[in-house]
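The values are calculated or read from the model by the stated rules, or taken from the named source; none is laboratory data. Computed from a predicted structure; not experimentally measured. Glycine also receives a Cβ, built like all others from the backbone with ideal geometry; neighbour counts cover every protein chain displayed.
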Amino acid sequence: MSAGPARDVDAIIVGSGPNGLAAAVVLARAGLSVLVLEAESTLGGGARTLDLGLAPGITHDLCSAVHPLAVASPFFRAFDLRSRGVELVTPDVSYGQPLDSRRAALAHRDLGRTVAGLGPDAPTWERFFRPLLAAPDAIVAAALGDKRSLPRLAGGLGGLYGYGVGARRDALSGLRTPASPRAADRLAAARALASFGLRVGGEGTPLWNLPWRTEQAKALLTGVATHAIGRQPSVTTAGTGILLAMLGHADGWPIPVGGSQAIANALLADLEAHGGETRTGVRVRSVEDLPPARAVLFDTTAEAAAAVLGDTLPARVGRGLQDLGHGPGAAKVDLVLDGPIPWGDPRLGDAGTVHVGGTRAEMAAAESQVVAGRMPARPVVLVSDPGRFDASRVVDGLRPVWAYAHVPADCPIDPTRFVLAQLERFAPGLRERIVAVRGTPASRMAEHNANLVGGDISGGRLGLARLVARPRWAWETKRLAGTSAYLCSAATTPGPGVHGMAGFYAARDVLAQQFGIREHVPLGV
């Protein structure tokens, strides 16, 4: 896997998820010949939308369905999905939290409307998020950084980002920022980052209840933090939750019209327009399955990359990739309903995502059980009804509903009865609207996406250390110890999410290290 003279293909990408396609787009735009190999029959990885045969004309998002990072990520901001025909519908209510015998809590995109619904916690919520919204791009830059350099404190809607510590990486970035940001912008960004750190420190410790008086506010923050499956409170779940909650008040949580496949298709169209090729139904198990190439990028799990490369990797590197391991699982339930979800609090119908789990204490207890390897009777369930916002998803009165339950790693239990019980708890009469349902246990999630080992949707274990040392303790997180093999998936920095940044960083390093290309690579139309 060492670099050598030009061969049949400049770069091969194994896997066609959003990160793999982001890497492919950058490399193809730089003038390289690029080949994407995908084991499944369709392209898109975690951003696929398919007809599962549950009802005529009804399509389901296989993994992700709602995409706050698709508009916030520096890569996607530069790539500009909307300019490529991807229609993104942004609900007025980013997310909601149903509660027994209480009004549901709603996080509106408008901060003021959210504050108005939180009673005694209104001023606290305002003080919590207002400083972050002064410079949200700076916080996104830090969260989606390569964890090897400090983000540049620049201003502007285009994203605040610095790529590495030297001019080489700034030139390569393709995501330009103002050369001399105003002092006021730098100060606002620094204050926002400091505020974010303080809030993560509070919400990520046992002191998390101190600022809050109402269950609505506490549950609202806990529900959004469950997008990182793990013990609560913790710094990792708090950081994820506060980032996503902030985005809910900034750009919102958009839903692609037609499903997540629209994002993958936009990347694929650009790749093809720049000469890139794709092949489906190609399962890469060893280096013998790879055509000759000067660089190979793996949009796979860390251990899958190690298994393919085998003895071509130094032993310590192979062990490091294997040691990333996997976290708790998610189990999927796809439903077809003959009408909207009949929420007990009808206002939840306006939320693009609903976090079902009850109170903060209930959700924390359920997540603790999952981490400990026990199936909770009332698991945390994430739900979205895209047909509420995208009429194209409703066919002859039928609509898809997307639901995930958090379960122990590799859990073989069909999640359907647990998910339906939780939904019926807050949406009485739901069962009467079910036309079809399909449950996929965590132990079978990898059957439609090999990266979802045991239901792990995070690409490997999460934790503060594992977001920096990802996939292993090394300065270079993408290049595998001096070889021409690179990791570009959620198993490397900056971690999980449909943001394309891991793919972008890997492509940037490939261009510089394997091809000596350090020029700006534009990503716009």
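Quick notes on this one:
Listed here are the residues, each with its yes/no results for (1) assigned to a helix (DSSP H, G or I); (2) among the aliphatic types (A, V, I, L, M); (3) in contact with a Pro (Cβ under 9 Å, 6 or more places away or on another chain); (4) over 19 Å from L62 (Cβ atoms).
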residue	(1), (2), (3), (4)
V354	no, yes, yes, yes
A365	yes, yes, yes, yes
Q369	yes, no, yes, yes
G373	no, no, yes, yes
R378	no, no, no, yes
V383	no, yes, no, no
G387	yes, no, yes, no
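- Unique match (being part of a helix (DSSP H, G or I), touching a residue at least 60 places away in the same chain (Cβ under 8 Å), hydrophobic (A, V, I, L, M, F, W, C) and not assigned by TED's automatic domain parsing to the domain that holds E362) among L297, L244: L244
- If you go through the range 127-148 and keep only what is crowded, with 16+ Cβ neighbours inside 10 Å, part of a helix (DSSP H, G or I) and out of contact with any Lys or Arg (no Cβ under 8 Å at 6 or more places or on another chain), you end up with F129, P136, D137, A138, I139, V140, A142, A143.
- Residues of the range 420-443 satisfying the condition of being in a helix (DSSP H, G or I) and either among the polar types (S, T, N, Q) or not assigned by TED's automatic domain parsing to the domain that holds G397 (or both): Q422, S443
- Per the conditions (1) within 21 Å of H499 (Cα to Cα); (2) surrounded by fewer than 23 Cβ atoms within 10 Å (Cβ to Cβ), the sole criterion not satisfied by P386 is (2).
- Criterion violated by A306 - all others in (1) touching a residue at least 12 places away in the same chain (Cβ under 8 Å); (2) surrounded by fewer than 21 Cβ atoms within 10 Å (Cβ to Cβ); (3) small (G, A, S) satisfied: (2)
- Taking the criterion of being of a type outside the set (S, T, Y), in a loop (DSSP other than H, G, I, E, B), closer than 14 Å to L321 by Cβ and in contact with a helix residue (DSSP H, G or I) (Cβ under 7 Å, 6 or more places away or on another chain), the residues of the range 475-499 that qualify are K478, L480, A481, C488, A490, A491.
- In the range 448-467, residue surrounded by the fewest Cβ atoms within 10 Å (Cβ to Cβ) [restricted to those that are modelled with pLDDT under 95 and of a type in the set (G, A, S)]: A465
Every residue, every condition in (1) of a type in the set (F, W, Y); (2) farther than 18 Å from V93 by Cβ; (3) touching a Phe, Trp or Tyr at 6+ places or on another chain (Cβ under 9 Å); (4) in the same structural domain as L467 (by TED's automatic domain parsing), yes or no:
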position	(1), (2), (3), (4)
G197	no, yes, no, no
N209	no, yes, no, no
L221	no, no, yes, no
Q232	no, yes, yes, no
T240	no, yes, no, no
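- Taken over the range 91-109, the criterion of being more than 21 Å from the chain's Cα centre (by Cα), part of a strand (DSSP E or B) and either free of Cβ contacts under 8 Å to residues at least 40 places away in the same chain or within 16 Å of L382 (Cα to Cα) (or both) is satisfied by P98, L99, A104, A105, L106.
- Qualifying residue in the range 430-443 (condition: farther than 28 Å from T359 by Cβ, of a type in the set (A, V, I, L, M) and either buried (at least 23 other Cβ atoms within 10 Å of the Cβ) or free of Cβ contacts under 8 Å to residues at least 12 places away in the same chain (or both)): no
- Looking across the range 466-525, the residues that are within 17 Å of G145 (Cβ to Cβ), out of contact with any Leu (no Cβ under 8 Å at 6 or more places or on another chain) and of a type in the set (V, I, T) come down to V468, T492.
- Selection status of A485, more than 27 Å from G241 (Cα to Cα) and of a type in the set (G, A, S): yes
- V284 assigned to a helix (DSSP H, G or I), touching a residue at least 60 places away in the same chain (Cβ under 8 Å) and either surrounded by 12 or more Cβ atoms within 10 Å (Cβ to Cβ) or not aromatic (F, W, Y) (or both): no
- Matching residues in the range 15-37 - criterion: being under 22 Å from the mean Cα position of the chain (by Cα), surrounded by 24 or more Cβ atoms within 10 Å (Cβ to Cβ) and part of a strand (DSSP E or B): V36
- So R378, is it basic (K, R) and within 18 Å of the chain's Cα centre (by Cα): no
- Put simply, of I58, I12 the only residue that is farther than 18 Å from G281 by Cβ, outside any helix (DSSP H, G or I), in contact with a strand residue (DSSP E or B) (Cβ under 6 Å, 6 or more places away or on another chain) and at pLDDT 95 or above is I58.
- For the range 265-311, the tally of residues that are among the basic types (K, R) and out of contact with any strand residue (DSSP E or B) (no Cβ under 6 Å at 6 or more places or on another chain) stands at 2.
- Of A502, A474, A485, all but one fail to be touching a residue at least 24 places away in the same chain (Cβ under 8 Å), among the aliphatic types (A, V, I, L, M) and touching a Cys at 6+ places or on another chain (Cβ under 6 Å); the exception is A502.
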